[in-house]
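The values are calculated or read from the model by the stated rules, or taken from the named source; none is laboratory data. Bear in mind that the values here come from a model prediction, so they are computed numbers and not experimental data. Positions of Cβ are backbone-derived with ideal geometry, glycine not excepted, and every protein chain shown enters the neighbour counts. To get the accessible areas, we keep the full protein, side chains included, count just its heavy atoms, and leave off ligands, DNA and RNA. Shrake-Rupley method; radii C 1.70, N 1.55, O 1.52, S 1.80 Å.
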Amino acid sequence: MASILDQYEEESARAASVRTTMPPVQEPIGPGFIDARLDTDVPIFSKKKVNFKPPDPITHLVVCNNFLVISMTSNILLRLDLEHPETPDEVELPRAVEDKVYKIFLDPTGRHLIVSMESTENYYLSRNSKKPRPIGKLKGHHVHAVGWNLQNANENTTGAILLGTSKGLIFETELTDNENSRFFQGSLDQYLKQLFNLGKTKAVAITGLEFDRMPSDAMTEYNYFIMITTPGRLYQFIGNVSKSSEPPMFQPLFQQYENKPEQFLELPGDFGNSELKLYLPRFRAAPKKFAWMTGPGVYYGDVELTGAAGPSTVTTNTKLMNYPSDPDDRGTKPQAMALTEFHVLLLFPDRIKVMCVLNEQPIFDDIYPDRLGRLLGLCKDPLKGSLWTFTSQSVFKYKIVREARDVWQMYLDMGQFDLAKEYCRDNMAQMDRVLTKQAEYLFTNDRYEESAMMYAQTQNSFEEIALRFIKLDKKDALKSFILKKLESLKPQDKTQLTMLVTWLVEIYLNQLGELKEAGRDQTKEYEDLQDQFRMFLNQGRVKECVSNNRGVVYDLIASHGDVEDMVFFAFLMQDFEKVITHYLQHDEYKNALKVLTKHCSGDVDLFYKFSPLLMQNIPQETVTDWIKQKGNLEPLRLIPALVQYDHNRYRQQGNEAIRYLEFCIQEMQNKEQAIHNYLLSLYAKLQSDKLMTYLQMQGTDPESICYDLKYALRLCAEHDHKKACVHIYSLMGLYEEAVDLALAVDVELAKSQADKPDEDDLDLRKKLWLRIARHVVEEEKDVKRAMEFLHDCDLLKIEDILPFFPDFVTIDHFKDAIITSLKEYNQHIEALKEEMDEATGSAEEIRKEIQGFRNKFAFVKSVDKCAACGFPLMTRGFYLFPCQHKFHSDCLIGEVVPNLSNKKRSHVEDLQRKLAEHDDVGPHNMSSRQGQGPNLKIMEIKAALDDLVASECIYCGDLMVRSVEKLFIEEEEEDLASNGWL
């Protein structure tokens, strides 16, 4: 537990460090961000005294991997696992009289310890052992530096390590925890080899020794670098080591430098001590930085292992940082050094000073009071990153909190913006300041587009930045700025999005217009700019925005007269109506039709709207595309386009209209009367040779004909198509008119019309033939041809046509006809006589059959049953047919009545009602004077009923034959039956 005085001193030091490291609070950087900090913010380096009181004064201290080793004046090693501090471990070193610990070295894993004594005895102690083992072959050497093998993963051995002595000798060895190890056999020949001597001319202590692998693509060897320091020199050894080489593995590497002049970096001002430290981001990672504490200051830089620094060095970006000045101007040199990612810690007898390697400025000065004693050492845990200092009586631990917190500002001050951004990614206020500073720098150096991209990522006033770029002659930077700002907008920023998109459209159009005015519209620059504009319009959010404000965009493009981009934008918006209208206004009818066909198949209203104009100018292509549409278009709605023709000027249009209508009728089986009427009118006007073919194709049934007969007749009469009129008259049943008109054309045509009336209408047919005969006789004066009609029509006789002949005609013209007529009369008379004889014989036969039926009888048995209901026949009145079928009277009536016509059915019901009335009256109510009158009436009613229902057997007569065509289920009962089956 620290004393009250110690706590006070720690708090005072912490407050001093805060004042030293904390920059003043910054002004607001931009809208939305304020870089505000509190004075009580935790400092980067904070010291805490360890609650530990050593039994003897401390001489040395090392910490690695949270494992602490302390050597004391009593030559006792105190080992402590900092994760379990309650169980310290003491190890006593074997020593001669007055022998002391010279140096101790602990490997980064905390498992291997080397102790070098003042007496030049050296010991090895593993973590799991309590007995130090002497390294016999090292006797006589003070180990001043150890280069640990950072790639070693074996807990029981150190792997190949390098040892540097106080006289400049470099050894390679491998230490192991195995009792039977050959290393501990006591023989000098066993793996302890001197590799190099830096003190050939003058003995010099090796103060720093580090080595590690370098990247290599070789499959059989490793590439290593070795850095060695003395108080005034920095040596670098680089070379290859075979993977299969026997120990010592580094001997070939050092042999390369035996016969070469020594290459080193020497700095003046040797004060007899120095240290070499490497910074590794994590254990076993490649080192990134180095620092060498030497006479004039700290020589530091980056470690470059890729070979970019040169074949003989791994250091780059090196600088010499002077030691901080002492307020008392005593010129005290540091005793030890530690290296972190961005800072160098220097140990002085009474204080710790921290220098930032980025700006070489002191950021922390921790003064130790005199009562704590003189500071003896400073070390850093390479794995955990903690820092430790100690005096003879106390141990202190430094905690590093957010070491990189102010690095961004330092990089920013140096103009290294990328590095500054890397170290402030989690702080939006700092990032905004870096971006702003970088944007200003780029703007100042006339790199406007890059500056615009940076400004767009900041929170600076949009209006202020935009005004800066508006003042520039070229608008590329302004465009880049707005584009980048556009990317940062959120979906809910609808208004801002609309404004920026509209502004960008205007900028693009202005740039395109300027190039066009300069006559550079055929250059690649113009094409690239136009492609950029179109890609911009086609972006997701932009496309949605301009779609919602397409009227504004149309107006902007139109104001610039940019026809190409107007068409492109209309295509983009799928505003095909505007595209088609544009093409039509510029007489580009084929392009308009192409757009209509390719993009508007689903919008047939556009076909109906634009087809009239297209039909007037490119009828053939228009009709061809109509035909390709097939069922998508309604022919009726295309009629306005079809009738927009003047056949005197645009005959081709009419022919193409006929082609489309023929397709509708022949291929699509269109039956609409308007279509057929219009096609008929076109035939009558333009292609009369197809008129009769069409009429005949329509047939002769007026019910199935698709055109209007009266319209067709009027149209054909108007255009003097007499044959067509004859055909139509005939279809209308106006045979007399048809024959009269046909006689004006051709007698043969008239003869074909005369045979069209029904065969039963003999009077009409005869009348028509007489008209033809009269025409031939009176108009053509061809008596001989008129006489031929007697052979063509059986209805005409010589006496029918004689009245048409002139008064003075010789009998030679019709002598044969008269003779033939007389012969036919004689034959007819003979035929009548034969028919009369046959009729007389048939009547006699019938009378005989009737007489036979009157005498015919049949037997009815008591067990006979009704063929309809199956009940005994003699229970009530019945009918017996010659076929031996028997039916009750009511059963027979019930079977027959449903098959009768409505009229006969009503008659049967009336007769049944009359019989029922007579049954109700009864014979006892009738007076005797009435005689047989009522009985005769009843018999007449029964006879009439028998004629209707019993004229034939329902099973053997015609009724059964006719019932074959009757449905089992009537249409009105079909739904009920279907529901019953479900």
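Worth a mention:
- Against the empirical curve 2.2 N^0.38 Å, the C-alpha radius of gyration of region 45-403 lands at a ratio of 0.96.
- In sequence order, calculated HN-Hα J values of region 277-289 (Karplus, 6.51, -1.76, 1.60; Hz; x Gly/Pro): 10, 10, 10, 10, x, 7, 5, 6, 7, 5, x, 10, 9
- Computed with a 1.4 Å probe over protein heavy atoms only, the accessible surface of region 404-488 comes to 51 Å² per residue.
- At q = 0.13 Å⁻¹ the log10 of I(q)/I(0) for region 464-572 amounts to -0.48, computed by Debye summation with a single uniform scatterer per C-alpha, solvent ignored.
- Farthest towards the positive end of the charge dipole of region 537-688, among the residues Pro619, Asn548, Val595, is the Cα of Pro619, using unit charges on the Cβ of Lys, Arg, Asp and Glu.
- Portion, in percent, of the accessible area of region 280-416 that falls on carbon or sulfur, probe 1.4 Å: 46
- Order by protection proxy (mean Cβ within 10 Å, highest first), peptides 266-274, 656-664: 656-664, 266-274
- Sequence-separation-based contact order of region 404-488, relative, with Cα cut under 8 Å and 6+ spacing, percent: 21
- Within region 245-327: Cβ-based charge dipole about Cα centre, in debye rounded to nearest 20 (Lys, Arg +1; Asp, Glu -1): 440
- Under a model in which nothing but the beta-carbon of Lys, Arg (+1) and Asp, Glu (-1) is charged, region 404-488 shows a dipole of about 180 debye around its Cα centre.
- Under Karplus coefficients 6.51, -1.76 and 1.60, residue-wise ³J(HN,Hα) of region 345-353 in Hz, glycine/proline x: 9, 10, 9, 10, x, 10, 6, 10, 10
- Rg then Dmax, both in Å and based on the Cα atoms of region 270-345: 13.9, 45.
- Ala336 long-range amide H proximity, modeled H, under 5 Å: Leu347
- Cα-Cα over 27 Å, subset of Lys130/Lys399; Lys139/Lys243; Lys471/Lys516; Lys289/Lys384: Lys130/Lys399; Lys139/Lys243
- Interchain or long-range residues, amide H under 5 Å from Glu90's placed H: Arg79
- When only the Cβ of Lys, Arg, Asp and Glu is charged (+1, +1, -1, -1), the dipole of region 45-403 relative to its Cα centre reaches about 320 debye.
- For peptides 383-390, 901-908, sequence by mean Cβ density within 10 Å, most packed first: 383-390, 901-908
- Of the peptides 734-744, 130-140, the ranking by mean beta-carbon count within 10 Å, highest at the top, reads 734-744, 130-140.
- For region 45-403, the per residue solvent-accessible surface stands at 44 Å², with DNA, RNA and ligands left out and a 1.4 Å probe.
- Sequence-ordered 3J(HN,Hα) estimates for region 168-175 from the Karplus curve with 6.51, -1.76 and 1.60 and θ = phi - 60° stand at x, 8, 10, 10, 10, 8, 9, 9 Hz, glycine and proline given as x.
- Extreme residue, positive dipole direction of region 242-390, given options Pro382, Gly295, Leu347 (C-beta unit charges): Pro382
- At 1.002 mPa s and 20 °C, Stokes D of region 515-576 from Kirkwood alpha-carbon radius, µm² per second: 175
- Residue among Thr230, Val357, Pro85 farthest towards the positive dipole end of region 45-403, charges placed on Cβ: Pro85
- Normalised by residue number, the volume inside the convex hull of the Cα atoms of region 156-297 is 141 Å³ per residue.
- Set the Cα radius of gyration of region 305-463 against 2.2 N^0.38 Å, with N its number of residues, and you get 1.36.
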